[in-house]
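Please read the structure below before turning to the comments.
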Amino acid sequence: MKSEFIICEREDQVAVVTINRPPINPLNTQVLTELAQIMGELEANHDVRAIILTGQGEKAFVAGADIHQMLDLDHIGMMEMNNISRRVFTQIENLSKPVIAAINGLALGGGLELALACDLRISTEKARFAFPEMSLGIIPGAGGTQRLQRLVGQTLAKELLYFGEMIDVQRALDIHLINKVVPTHELLSTAKEWAQKLVQKPAIALRMMKQAVNTGASTDLETALTIESACFGNAFATEDRREGMQAFVEKRKPIFVGK
């Protein structure tokens, strides 16, 4: 499938995926379908160990869904589009590889939902965040009400969702919505630096870590502990675990092979 709105570039074991609908990179059905296709290909590519997701230009990461398309949809059509968004964002959240959102500008509505589906979020100083759906007579429908409260807590989530007001990077950093703020010219280089650090980690242990955190977050503690234990066992059974422990004993840097 040829992508019209998604650019994917490889640098060693890191893939940089760019949503290319400047200036504000809105999401429509085609963008979401192309994004799902690219992410599926990257998941199947064993040479890719980490993914960076960003938007084209400096104005927006993704400034929400394409309202022009939404205006022409009836209830059934809108629910179909919403289900595509939900599937794609869940796909990204559940990738076996870490995904870093490099937020280069506005992250609004569906754009913020997309960022929340990523593992880590690095932002420029000019970025702004909001869930403005209430002013459109709707609510977030692709995970915003759920992922946000799991990240920042229910009280803060309700404030951001009910009022829909824009927040700056300092507030976003304070409430742990994002991990790091950097100057615009350092955004991609910082994201790539983080991605390269992740590439050096033992791949199976990193995958098990992500699975334990993601799956455990949506269940009760006892079940979550059982999930963690199973993931721990899977990581312990690897060649990389033996190499990591042997390197520690021998006081040298481990050489992980992803097995």
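When every residue of the stretch 233-240 is checked against the conditions, at least one turns out to be modelled with pLDDT of 95 or more, assigned to a helix (DSSP H, G or I) and open to solvent by less than 60 Å² (accessible area, probe 1.4 Å). Just one of the listed residues (Glu11, Glu4) is open to solvent by 50 Å² or more (accessible area, probe 1.4 Å), over 28 Å from Lys197 (Cβ atoms) and charged (D, E, K, R), namely Glu4.
Screening the candidates Lys192, Lys259, Lys253 for the property of being touching a residue at least 40 places away in the same chain (Cβ under 8 Å), charged (D, E, K, R) and open to solvent by 80 Å² or more (accessible area, probe 1.4 Å) yields one hit, Lys259.
Looking at Leu206, Leu198, which is the one that is buried (at least 17 other Cβ atoms within 10 Å of the Cβ), in contact with a strand residue (DSSP E or B) (Cβ under 8 Å, 6 or more places away or on another chain) and at pLDDT 95 or above?
Numbers: Leu206 fails: in contact with a strand residue (DSSP E or B) (Cβ under 8 Å, 6 or more places away or on another chain).
Testing whether each residue is buried (at least 17 other Cβ atoms within 10 Å of the Cβ), in contact with a strand residue (DSSP E or B) (Cβ under 8 Å, 6 or more places away or on another chain) and at pLDDT 95 or above leaves just Leu198.
Here is a yes/no grid of residues against (1) touching a Gly at 6+ places or on another chain (Cβ under 7 Å); (2) open to solvent by 50 Å² or more (accessible area, probe 1.4 Å):
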site: Val88; (1), (2): no, no
site: Ala102; (1), (2): no, no
site: Leu108; (1), (2): yes, no
site: Gln154; (1), (2): no, yes
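With respect to the conditions (1) open to solvent by 10 Å² or more (accessible area, probe 1.4 Å); (2) touching an Asp or Glu at 6+ places or on another chain (Cβ under 7 Å), Leu120 lacks only one, and its number is (2).
Among the residues of the stretch 182-189, are any over 18 Å from Arg49 (Cα atoms), open to solvent by 80 Å² or more (accessible area, probe 1.4 Å) and not in a helix (DSSP H, G or I)? No: the stretch 182-189 contains no residue that is over 18 Å from Arg49 (Cα atoms), open to solvent by 80 Å² or more (accessible area, probe 1.4 Å) and not in a helix (DSSP H, G or I). For the stretch 153-181, a residue qualifies if it is within 25 Å of Gly216 (Cβ to Cβ), part of a loop (DSSP other than H, G, I, E, B) and of a type outside the set (Gly, Ala, Ser), and the qualifying residues are Ile175, His176, Leu177, Ile178, Asn179.
So which residues in the stretch 241-259 are charged (D, E, K, R), farther than 26 Å from Asn214 by Cα and outside any helix (DSSP H, G or I), if there are any at all?
The first filter runs over the stretch 241-259 and keeps only residues charged (D, E, K, R), leaving 241-243, 250-253, 259.
This time we only want the ones that are farther than 26 Å from Asn214 by Cα, so: 243, 250-253.
Scanning the stretch 241-259 gives Glu250, Lys251, Arg252, Lys253.
Among the criteria (1) buried (at least 16 other Cβ atoms within 10 Å of the Cβ); (2) within 22 Å of Phe131 (Cα to Cα), the one Leu71 does not fulfil is (1).
The values are calculated or read from the model by the stated rules, or taken from the named source; none is laboratory data. This is a predicted model, so every value here is computed, not measured. So basically every Cβ, Gly included, is an ideal-geometry build from the backbone, and we count neighbours across all protein chains shown. Just so you know, the surface numbers come from the protein's heavy atoms only, side chains and all, with ligands and any DNA or RNA stripped out. Shrake-Rupley method; radii C 1.70, N 1.55, O 1.52, S 1.80 Å.
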